[in-house]
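The values are calculated or read from the model by the stated rules, or taken from the named source; none is laboratory data. Predicted model, so just to flag it, every value in this text is computed and none were measured. Glycine gets a Cβ as well: all are built from the backbone with ideal geometry, and neighbour counts include every protein chain shown. With ligands, DNA and RNA removed, areas are computed over all heavy atoms of the protein, side chains included. Shrake-Rupley method; radii C 1.70, N 1.55, O 1.52, S 1.80 Å.
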Amino acid sequence: MFLVGLSGGIASGKSTVVAVFRELGCAVIDADVIAREVVQPHFKAYQQIVQYFGTEILLESGEINREALGNIIFSHPEKRQLLNSITHPEIQKEMLKQILKYFVLGYRYVILDIPLLFETNRLTKFMKHTVLVYCDPRTQLARLMKRNGLSRAEAEARVASQLPLDEKRRLASHIIDNSGDRESTRRQRLLSQGGTDLPGWYPVSAGALRPPPRCLGWQVPPSRGALAEWLCPALSQHLWSRLTPDARERCRYGQANPQGFNDAPGQQTGCWQR
Ligand SMILES: CC(C)(COP(=O)(O)OP(=O)(O)OC[C@H]1O[C@@H](n2cnc3c(N)ncnc32)[C@H](O)[C@@H]1O)[C@@H](O)C(=O)NCCC(=O)NCCS
Ligand SMILES: Nc1ncnc2c1ncn2[C@@H]1O[C@H](COP(=O)(O)OP(=O)(O)OP(=O)(O)O)[C@@H](O)[C@H]1O
């Protein structure tokens, strides 16, 4: 089984992109969702958070007031480190459990949506590929202010708590540019599944839909087109109908990269239009 690390910056569009992969039936593990689970009242991390941050960060229900905790940690780097040291080990344990679940189910690829993948840098070595959901800094700030109702200064503090997206760009093996509208982000993915020089997100999504028998692996079908038909005819037809005439031509003439991802060391594949 291969792990694909998907990351980005705060409000760069990870959830938006991941929603599309889920639509296609991909196996996705979301670190933000797990981060919410492991701080529920009966968990160890909850007790530690209350011990260090005090009961003033609790709601009346006893649950953690995420807005209040966020306000503290995004303006105090040392408190952020403390929170990370409490939550990250618990998040990683739960992620490992979910990875094992998908392994047992026979999935070939699992997408791990990890906001701080490049900051912590401990997990990248386990990833077959890393995908960065990029967004230009002005758009990122505007979307963050709007979504969270933050002032410019508050939003800037949150962005500054992470590595700049331009730096993450250099660390990722693949980029999805989400600076434009949702449809253009979607097109990047679809094109990548049928185009020429594209690394082929296809095996990831198709593999999730119907895990192939282990003994066959992925080498048996001679081309990606055949692979698509073999795995999921309905999805294959749908994707074919969404391709541009030019991309169809290229597929017909066998120029699509049958290997899926382009793995040349240090090379960023140009699959997703930037
Ligand atoms: C600070 C908290 C309470 C804010 O909760 P809230 O519901 O408002 O935001 P949410 O959890 O949806 O996170 C939104 C985004 O904030 C960013 N973010 C969250 N935690 C951190 C952090 N410690 N450092 C930098 N950025 C962070 C990420 O981009 C994340 O996608 C919460 O994010 C948290 O518990 N963070 C610590 C755990 C963590 O590191 N989570 C990130 C996934 S590993
Ligand atoms: N292409 C887009 N066009 C317009 N708005 C978008 C686009 N992509 C995302 N958004 C909006 O921007 C905000 C941030 O997107 P999203 O929640 O997907 O980011 P994220 O990276 O998952 O955020 P976080 O780091 O906080 O988890 C949301 O309000 C979303 O609706």
Search result, residues across the range 1-44 that are touching a residue at least 24 places away in the same chain (Cβ under 8 Å) and among the β-branched types (Val, Ile, Thr): Val4, Ile10, Thr16, Val17, Val18, Val20, Val28, Ile29, Ile34, Val38, Val39
Pairs where the first residue, in the range 173-188, is free of Cβ contacts under 8 Å to residues at least 12 places away in the same chain and the second is within 16 Å of ligand 1 (Cβ to nearest atom) and open to solvent by 30 Å² or more (accessible area, probe 1.4 Å), C-beta under 9 Å, 6+ apart: Gly180/Thr139
The range 48-72: number of residues that are within 15 Å of Ala35 (Cα to Cα) and of a type in the set (Val, Ile, Thr): 2
Single residue of the range 66-122 satisfying the filter (away from ligand 2 (no atom under 16 Å from the Cβ) and closer than 17 Å to Val159 by Cα) that is modelled with the lowest pLDDT: Ser75
Helices (runs of 4 or more DSSP H) lying entirely in the range 104-166 (those with 2 or more residues that are of a type in the set (D, E, K, R) and touching a residue at least 60 places away in the same chain (Cβ under 8 Å)): 137-148, 152-160
Only one of Gly70, Gly62, Gly25 that is on the phi > 0 side of the Ramachandran plot and surrounded by 13 or more Cβ atoms within 10 Å (Cβ to Cβ): Gly25
Residue within the range 14-34 that is more than 16 Å from ligand 2 (Cβ to nearest atom) and among the basic types (Lys, Arg) present: no
